[in-house]
Amino acid sequence: MSSRRSSGQSTAGVSRISDEQIIELVSKLRQLLPEIRDRRSDKVSASKVLQETCNYIRSLHREVDDLSERLSQLLATIDADSAEAAIIRSLIM
Amino acid sequence: MRPPSSLRQEFLKKWMMGLQRYSTSKKNMSILERKKAIKLSADVAIASARNGTTCWSRALIANGYSKDGGDDKHLVEQILGPESERLIMKKVLTGGASVCNKRMRSKKILKRSCGIQRTRKFAPQVALASSIAKRLVRKRTQILRSLIPGGEFMNDVTLIEETLDYIISLRAQVDVMRSLASASELASEP
């Protein structure tokens with residue numbers, strides 16, 4: 001949150017974004033991405049990180065979609081407040 | 001980085017609350033309708049876990065508000081509770097868009113002015129390599145912007161910050177949905 005506030009030092013209406021902020025954010029992003037994290041290299045270009053990020057987000061979206069599809073078939077008979085739902089909830093936690 | 005279990009529990013609780021909104025019409029829903037209901041309540045639930053603090057969550061909630069069937073009980077109201085729904089809708093309608101639009105406008109002006117100078121200063125070979133790299137980054141940033149909800153309103157730094165939070169939340173959502181799917185499969189085995 002604090003970094004967002006400091007980047008909004010817009011005096012003349014032009015936001016000053018420091019390079020260190022961008023580098024720090026990109027390195028955090030790298031740690032989240034599954035493929036790049038395993039590669040031991042410091043010199044991963046920004047465009048590669050962006051590409052991996054987009055691919056990863058797209059695959060996550062696809063997974064949510066597939067899971068919704070599966071669940072819509074499975075949860076057909078399960079009522080939200082029934083005993084079965086309670087059992088499932090306890091299984092997940 | 002595994003999403004914290006608190007996030008997953010929060011999401012599960014809110015998602016279940018959201019699904020209850022459909023409990024009356026559940027018997028008559030087609031599979032496609034049910035899938036959309038599940039997906040929509042999951043999205044609004046994971047967005048509400050952020051309590052309106054991030055741009056993407058506000059955009060998702062606004063999206064859920066408009067996509068909802070819209071009878072007496074709104075999905076968003078079910079998940080957020082009537083008080084917080086009003087607060088968040090205020091943030092979405094007033095705060096978020098105007099601030100981000102100002103940033104985008106000033107960023108565009110800066111980009112336009114920089115672009116004119118950039119081509120004149122550098123030697124041809126350096127200009128080619130760096131301009132290709134910059135073009136790639138710009139193109140991929142645009143793609144990322146289209147993937148994050150509400151991305152069109154963010155500047156570059158905000159976009160990356162929001163991406164970090166969005167990925168963690170998406171992971172929590174996927175984890176919980178996957179667990180529920182496998183648990184349901186186990187439970188439904190004869």
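Summary table below
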{"quantity": "Complete set of residues in segment A:48-76 that are more than 8 Å from every other protein chain (Cβ to nearest Cβ) and not basic (Lys, Arg)", "calculated": "A:Val49, A:Glu52, A:Asn55, A:Ser59, A:Asp66"}
{"quantity": "Filtered residue count, segment B:136-170, keeping only those that are at the interface with chain A (Cβ under 7 Å from one of its Cβ atoms) and either within 17 Å of A:Ser59 (Cβ to Cβ) or not β-branched (Val, Ile, Thr) (or both)", "calculated": "12"}
{"quantity": "Residue in segment B:52-70 that is surrounded by 12 or more Cβ atoms within 10 Å (Cβ to Cβ), farther than 18 Å from B:Lys14 by Cβ and at pLDDT 65 or above present", "calculated": "yes"}
{"quantity": "Any chance B:Glu162 is free of Cβ contacts under 8 Å to residues at least 12 places away in the same chain and either buried (at least 21 other Cβ atoms within 10 Å of the Cβ) or not β-branched (Val, Ile, Thr) (or both)", "calculated": "no"}
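The values are calculated or read from the model by the stated rules, or taken from the named source; none is laboratory data. Keep in mind that this is a model prediction, so the values were computed, not measured. For neighbour counting, all protein chains shown are included, and Cβ atoms are generated from backbone atoms with ideal geometry for every residue, glycine included.
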